[in-house]
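The values are calculated or read from the model by the stated rules, or taken from the named source; none is laboratory data. Just so it is clear, the model here is predicted, and its values are computed rather than measured. Here Cβ is always computed from backbone atoms with ideal geometry, including for glycine, and neighbour counts include all displayed protein chains. Surface areas here come from the heavy atoms of the whole protein model, side chains and all, with no ligands, DNA or RNA. Shrake-Rupley method; radii C 1.70, N 1.55, O 1.52, S 1.80 Å.
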Amino acid sequence: MFSQSTPDTSQAPDPEAPAVPEQRDGRDGAEKAQAQGGRAPGLAQRLRDLNVGALREVALLPVLGLLLVVGALVSPVFFTVSNIAGIGQQVSALGVVVVGESLILLIGGMDLSLESTYGLAPMVAAWLILPVTAFGNGWKLDPYLGIVVLLAVGALVGLVNGLLIVKGRLNGFIVTLGMTIVLAGLQNGIVKAQTLFGLPTTFSYLGAASFGKVSVSLVVAAVIFVLVGLFLRYHRTGRAIYAVGGNPAAARAAGIKVDRVRIGVYVAGSVLAALGGLMEAGRVSAVTGQQGYGEGLIFSVFAAAVIGGVSLKGGRGNMVGAATGVILLGLVQNILDLANVSNYWIEAIDGGVILFALFLARVIGGEATAE
């Protein structure tokens with residue numbers, strides 16, 4: 001009788017009971033210290049986080065300083081106004097594409113097709129603007145409408161990518177790789193691999209004009225970096241981008257429209273790539289079949305973003321770091337040009353500098369900086 005009475009629960013714990021102490025044991029040191037009544041460790045933890053964030057922001061500064069010294073030693077014209085302005089104009093188009101790719105990386109995605117959008121969008125616009133004698137289609141579209149078409153091409157490509165990846169649940173790497181090849185084929189196909197030249201002044205203004213020694217493209221690129229940086233830091237949608245990249249499930253639980261944010265970022269990234277292509281077309285006063293895909297632009301784009309601290313895992317990075325990465329690549333290229341380094345060695349040296357910069361950023365800024 002007594003053996004069937006109410007059991008002694010102290011001797012037979014519930015099977016799920018161990019989960020509680022396991023969770024409690026998982027608290028970090030700062031939380032445990034605060035639970036014991038001390039506030040100093042919590043402050044110390046915040047200070048450590050602040051210091052790590054500051055280190056990540058300046059992780060590439062030693063590399064940039066070293067490159068400035070090397071540049072001064074290589075050529076006496078390195079620090080001239082015209083040379084510095086030339087570097088700025090040369091990297092402006094790359095910088096705008098890096099902003100677009102960085103946004104996509106922040107949501108945990110990637111877009112290889114930005115380099116083809118960079119070439120196709122200005123090619124389509126120029127083809128509609130130019131006469132048949134300049135390998136256009138003869139429509140002689142107004143240059144301003146041509147720019148609208150250029151941006152629309154970028155938006156369409158980004159929308160298709162976003163829908164296939166987000167709604168179609170297809171692999172982003174494969175989708176954008178396929179799109180890269182399709183767009184590159186269209187870029188050459190519509191003009192039979194011809195170079196379009198004789199671009200109207202209005203169409204080429206963004207890449208060719210300047211304010212004194214400072215190019216318009218550099219000013220526009222700097223404004224884009226600043227505006228996107230402020231957007232990410234202070235706007236609700238900008239903060240949502242970080243949330244989506246850091247933890248999509250938690251972001252969705254918090255009421256963020258994750259799919260809408262991801263598709264919107266793919267569209268924005270492609271539009272920025274198209275704008276960068278317009279800058280490059282204006283800078284060289286032509287649109288070639290090699291622009292973008294044929295130049296292997298995407299390698300420089302990823303290099304600038306990643307060595308600038310934008311994580312490939314999503315949710316971490318900022319425009320300050322991305323801009324630093326762009327400047328670093330621009331300085332390396334300029335130093336190699338001034339030193340008259342053979343083209344056969346330039347790619348090897350570029351790769352070595354990127355690896356060195358990434359390693360140094362890892363040493364200074366911590367593991368997360370070099371992910």
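Filtered by the rule that a residue be in contact with a Gly (Cβ under 6 Å, 6 or more places away or on another chain) and part of a loop (DSSP other than H, G, I, E, B), segment 315-338 gives 315, 317.
Of all the listed residues (223, 244), the sole one being open to solvent by 60 Å² or more (accessible area, probe 1.4 Å) and not in a loop (DSSP other than H, G, I, E, B) is 223. Of all residues in segment 212-240, those that are in contact with a Lys or Arg (Cβ under 9 Å, 6 or more places away or on another chain) and closer than 15 Å to residue 319 by Cα total 3.
Scanning segment 256-283 for residues that are without any contact (Cβ under 8 Å) to a residue 40 or more places away in the chain and in a helix (DSSP H, G or I) yields a count of 2.
The set of residues in segment 232-241 being over 16 Å from residue 321 (Cβ atoms), open to solvent by 20 Å² or more (accessible area, probe 1.4 Å) and assigned to a helix (DSSP H, G or I) consists of 234, 236, 237, 239. Among the residues making up segment 284-295, those that are open to solvent by 10 Å² or more (accessible area, probe 1.4 Å) and either among the β-branched types (Val, Ile, Thr) or in a helix (DSSP H, G or I) (or both) are 284, 288, 293, 294, 295.
Would a scan of segment 85-96 turn up a residue that is closer than 21 Å to residue 187 by Cα, open to solvent by less than 10 Å² (accessible area, probe 1.4 Å), modelled with pLDDT of 95 or more and among the hydroxyl-bearing types (Ser, Thr, Tyr)? No: segment 85-96 contains no residue that is closer than 21 Å to residue 187 by Cα, open to solvent by less than 10 Å² (accessible area, probe 1.4 Å), modelled with pLDDT of 95 or more and among the hydroxyl-bearing types (Ser, Thr, Tyr).
Restricting attention to segment 301-314 and to residues that are over 20 Å from residue 280 (Cβ atoms) and assigned to a helix (DSSP H, G or I), the residue that is most open to solvent (accessible area, probe 1.4 Å) turns out to be 306.
In segment 208-216 there is no residue that is closer than 20 Å to residue 134 by Cα, crowded, with 22+ Cβ neighbours inside 10 Å and in contact (Cβ under 8 Å) with a residue 24 or more places away in the chain. Quick test for you: out of 298, 327, pick the one residue that is of a type in the set (A, V, I, L, M), within 14 Å of the chain's Cα centre (by Cα) and open to solvent by 40 Å² or more (accessible area, probe 1.4 Å). It is 327. Taking segment 179-202 as the range and being assigned to a helix (DSSP H, G or I), farther than 14 Å from residue 114 by Cβ and open to solvent by less than 70 Å² (accessible area, probe 1.4 Å) as the test, the residues that pass are 185, 188, 189, 202.
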